[in-house]
Amino acid sequence: MSTANATGCACVGVLLATAITACGARPPPPAPPPAPAPLGAPRVIAGALQSAPLLGDLPARASRLGAGPLAIVASGPMSEGERLGAFVEIPADACLLAYGRASGSLEDIDLAAFAEEGNPVAVDEGPDPKPTLLLCPPHPSRVYVAAHAASGEGLCVVAAQLVPKDRAVEIGRAVGARGSASGPPRSPEAWPGLDDLVRQHRLVVGGTWDEQRRVAIAVDARAVSAAAFAVEEGGCSDALVVPDDDVAVVDVDVLDGEGRLIGRAKDGGPARSVTVCSPVALNGSLQVRPHVGRGLVAVVVAKTKAGGARDLLTRPEVAWVSPAQPLDATRAARNAQLAKAGYAAPTSSLAGQLQLGRRATLPVDLAGAPGCTRIDVVAGAPLALVEAAVWDDSGALLASNEGAGDATLFACGKGKARVDLGTRGRPGPYAVLTRVERWKDPAFTAHPLAASRMLGRAATGPQSVLEGTAGAVRYVVLDASHQLVQTTSIAAGQCLRIAVGVEGQGTGLETRIFDAVTGEELDRSHGQNAAAVRACASGATRSVRFEARATAGKLDAVIGERSSR
C-alpha cells in the first residue's frame, strides 16, 4: 500500500470516528423555568344576580293598563323545596297584582299570599314557572307573598304592583292572573236556589246551626283558592260549596293551622259540603279547587254551639288532638275531676294498649237496677280517636261513644258485660275506669240503650259530668205523626236541662223548648238518637213548654230533667 493510500485511509477513519462520536453525543438540558408566584385570594365583588330581566315586559304591560309602579318583593337563587318572600302592604281600596318569574332551570314555582295568621288567601299552584295572583278587596291590610320552588333550581324573582279596583278585571285578564274574574263581582245570593240548597243540606246533616257568612270565591282548575275556616272549642263548623256554571267537579278540603288535612268533602252532586268538629279551638283554612274551568263558587259557613256534634244526623270529620301526657297523668286527672264532682273512687281499673286495626275486649261487671255504671275510657299519649261500645252477654248493645282523646259511656244493666275498644287515629295506652252512676231510676234498666243515650246527652263538659240536681225521669213512645208536649216551671235563678235518648225502629229526634207565655223559642236540638234543650229563669219563675217527636217511625224514649244554677 502506498503512503498516499495509507494517509487517505487514516483520514477516512478519523472522519468516521468523528461522525460516530458526534451522533452519540446529547445536547445539554434546558434551564428550568422560574418558580410560579404564589396565588392570592380570589377577588370578591359585592352584588346580586340580576333578576329583573326575568320579568320581561309584564310590569310595563300592567303599567300601561293602569297598574302602579313595580316593587321587587324578593329575589335570589332557589333550590327545589325552598321558599322566598316578604310582607306586602295593600291599601284597603286597591288590588294587589303579584307574580313570580324564574330562570329556565327552575321548571315550576308556586306563588301564595298569606294573611298575618298564616292562612293562605290566594294561591297559584299551576305547573309552570310563571305564577300570577290578583288579590282584590276585601283583603288583609298586609299579606306575606312567597314563592315556592316545586321543581328544579335557579334564579327566581317575586314582584308586585298595586292595581285600581276598576281596572282589576282588564289587567287580570291581560296578564293571566289567578283570582281575577271575567265579569262584575257576584254575591253568593245571586246563585239560583242557594237558600233551598242550604235548607236541604241542614236537614240532611241535622243539628242546630248559626250561619256565619256567605262569600263568593274565585276558583281556577290550575290553582287552589282558600278561605278561613274556624271551629270553636267543643263545637262544629260546616261549609257548603256551590259552584257556578263555569266550573265542575269541585274538591273541598279543610286544613288545620299547620297545613294538615283534617277534613274532605265527600263525592256527590255539584254542591259539596264538609263538617268538622273539634274538642279544641281550631283556626284553619278551606281549600277549594275545581277539576274543570275557571269561575266562582258560593261558600256558606255555619257553626254549632259547644256539644253540637251529638245532635248531628251524619258522622262529621273530627279534628283530633292526641293527649300530650302519659296515661298515669291523664288517669289521675280524670279521677280527681270526678271526685270533685262528687263521684266515688273507681270500682275497677283496667289498662292496656290499643293498636290500629285491632279491637281490645275487656270484661266489666255492671251495677244493676235501678242505676247504671259509668265507664270512662282514658287515653295516654299518643292515643287518639277512641271508639268504645258496651255489650251484654246476649249481644245487645248497651252503650257506645267515641272521642278525640277519651270516651265516657253509661251502661245500664246488671251482671257481666264486655267493653270493645278501638282507635281510628293513633295507637297508644288506655285505661278503663268503672263507677256506679249516682243518677238512678227504674226506667234506666228497663230501657238501657235509650237511658244510656239520655245520660250521655245530659252530661256536659269534656269530663261528661251530670251537673245540678236530678229531676223527673219518664219513659214515652215517640212517633213522627204526634208531638209529645209537656209544660213545667223553672224556679227563679235556675236553669232546666231536658235530655232525651231513644232506641227502636224509627230514626231521628227533634226537641224544642218555648216560653209558655210568649211562645218564644228558647232552644232546639236535633239528633240521630239523643237530643237536649236548656232554658233558664232569671228574675222570676218561668213557665216553659217542651216538645219532642220522632223524625220517622216509632221510638222508645227516656226523658230526664236536671236543674242547676
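Just for region 495-526: of the residues that are hydroxyl-bearing (Ser, Thr, Tyr) and crowded, with 18+ Cβ neighbours inside 10 Å, which one is farthest from residue 207 (Cα to Cα)?
For region 495-526, the residue satisfying everything is 511.
Consider residue 174 carefully, then state whether it is assigned to a strand (DSSP E or B) and in contact (Cβ under 8 Å) with a residue 24 or more places away in the chain.
Values: assigned to a strand (DSSP E or B): no; in contact (Cβ under 8 Å) with a residue 24 or more places away in the chain: yes.
No, not satisfied.
Of the numbered conditions (1) of a type outside the set (Val, Ile, Thr); (2) surrounded by fewer than 21 Cβ atoms within 10 Å (Cβ to Cβ); (3) in a loop (DSSP other than H, G, I, E, B), residue 85 satisfies every one except a single condition; which is it?
(3)
Could you say which residue among 357, 307, 371 is under 23 Å from residue 462 (Cβ atoms) and of a type outside the set (A, V, I, L, M)? Explain how you work it out, then say what you get.
Working: 357 fails: under 23 Å from residue 462 (Cβ atoms); 371 fails: under 23 Å from residue 462 (Cβ atoms).
So the residue among 357, 307, 371 that is under 23 Å from residue 462 (Cβ atoms) and of a type outside the set (A, V, I, L, M) is 307.
Go through the residues of region 137-158 one by one and say whether even a single one is closer than 19 Å to residue 174 by Cα and in a loop (DSSP other than H, G, I, E, B).
Scanning region 137-158, I find no residue that is closer than 19 Å to residue 174 by Cα and in a loop (DSSP other than H, G, I, E, B), so the answer is no.
Please work out if residue 393 is acidic (Asp, Glu) and either under 26 Å from residue 336 (Cβ atoms) or surrounded by 21 or more Cβ atoms within 10 Å (Cβ to Cβ) (or both).
No; evaluated as a whole, the condition is false for this residue.
How many of the residues in region 267-307 are within 18 Å of the chain's Cα centre (by Cα), not hydroxyl-bearing (Ser, Thr, Tyr) and not in a loop (DSSP other than H, G, I, E, B)?
Here the count works out to 16.
Which of the following residues is more than 16 Å from residue 375 (Cα to Cα) and either free of Cβ contacts under 8 Å to residues at least 40 places away in the same chain or in contact with a helix residue (DSSP H, G or I) (Cβ under 7 Å, 6 or more places away or on another chain) (or both): 485, 476, 517?
Residue meeting the stated conditions: 517.
Tell me, which strands (runs of 3 or more DSSP E) wholly within region 205-245 include 2 or more residues that are of a type outside the set (Asp, Glu) and in the same structural domain as residue 131 (by TED's automatic domain parsing)?
Answer list for region 205-245: none.
Among the residues of region 472-494, which ones are crowded, with 17+ Cβ neighbours inside 10 Å and either touching a Leu at 6+ places or on another chain (Cβ under 9 Å) or part of a strand (DSSP E or B) (or both)?
As a first pass, look at region 472-494 and keep what is crowded, with 17+ Cβ neighbours inside 10 Å: 473, 478, 484, 488, 490, 494.
473, 478, 484, 488, 490, listed by residue number.
Just to be sure before I move on: is residue 276 modelled with pLDDT under 85 and within 25 Å of residue 457 (Cβ to Cβ) in the structure I sent?
Spelling it out, it is not the case that residue 276 is modelled with pLDDT under 85 and within 25 Å of residue 457 (Cβ to Cβ).
For region 88-136, how many residues meet the condition of being part of a loop (DSSP other than H, G, I, E, B), within 26 Å of the chain's Cα centre (by Cα) and not aliphatic (A, V, I, L, M)? Outline the logic, then answer.
Residues of region 88-136 that are part of a loop (DSSP other than H, G, I, E, B), as a first pass: 90-93, 103-107, 115-119, 125-131, 136.
Keeping just the survivors that are within 26 Å of the chain's Cα centre (by Cα) gives 115-119, 125-127, 131, 136.
If we keep only those that are not aliphatic (A, V, I, L, M) too, we end up with 116-119, 125-127, 131, 136.
Total satisfying the criteria: 9.
So that you can scan it fast, the table gives a plain yes or no per residue for (1) at pLDDT 90 or above; (2) surrounded by fewer than 21 Cβ atoms within 10 Å (Cβ to Cβ):
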| residue | (1), (2) |
| --- | --- |
| 67 | yes, no |
| 74 | yes, yes |
| 98 | yes, no |
| 118 | no, yes |
| 122 | no, no |
| 129 | no, no |
| 138 | no, yes |
| 142 | yes, yes |
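Return the residues of region 389-412 that are of a type outside the set (A, V, I, L, M, F, W, C) and within 33 Å of the chain's Cα centre (by Cα); say none if nothing qualifies.
400, 401, 402, 403, 405, 406, 408
Would you point out which residue out of 351, 369 is surrounded by fewer than 19 Cβ atoms within 10 Å (Cβ to Cβ), touching a residue at least 24 places away in the same chain (Cβ under 8 Å) and part of a strand (DSSP E or B)?
351
To keep it simple, each residue is scored yes or no on (1) among the acidic types (Asp, Glu); (2) buried (at least 19 other Cβ atoms within 10 Å of the Cβ); (3) closer than 17 Å to residue 277 by Cβ.
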site: 383; (1), (2), (3): no, yes, no
site: 404; (1), (2), (3): no, yes, yes
site: 412; (1), (2), (3): no, yes, no
site: 417; (1), (2), (3): no, yes, no
site: 421; (1), (2), (3): no, yes, no
site: 424; (1), (2), (3): no, no, yes
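Among the residues of region 275-333, which ones are buried (at least 21 other Cβ atoms within 10 Å of the Cβ) and either touching a His at 6+ places or on another chain (Cβ under 6 Å) or of a type in the set (S, T, N, Q) (or both)?
Correct list: 275, 278, 285, 304, 311, 330.
The values are calculated or read from the model by the stated rules, or taken from the named source; none is laboratory data. None of the values given here were measured: they were computed from a predicted structure. Methodologically, a virtual Cβ is constructed for each residue, glycine included, from the backbone with ideal geometry; neighbour enumeration extends over all protein chains shown.
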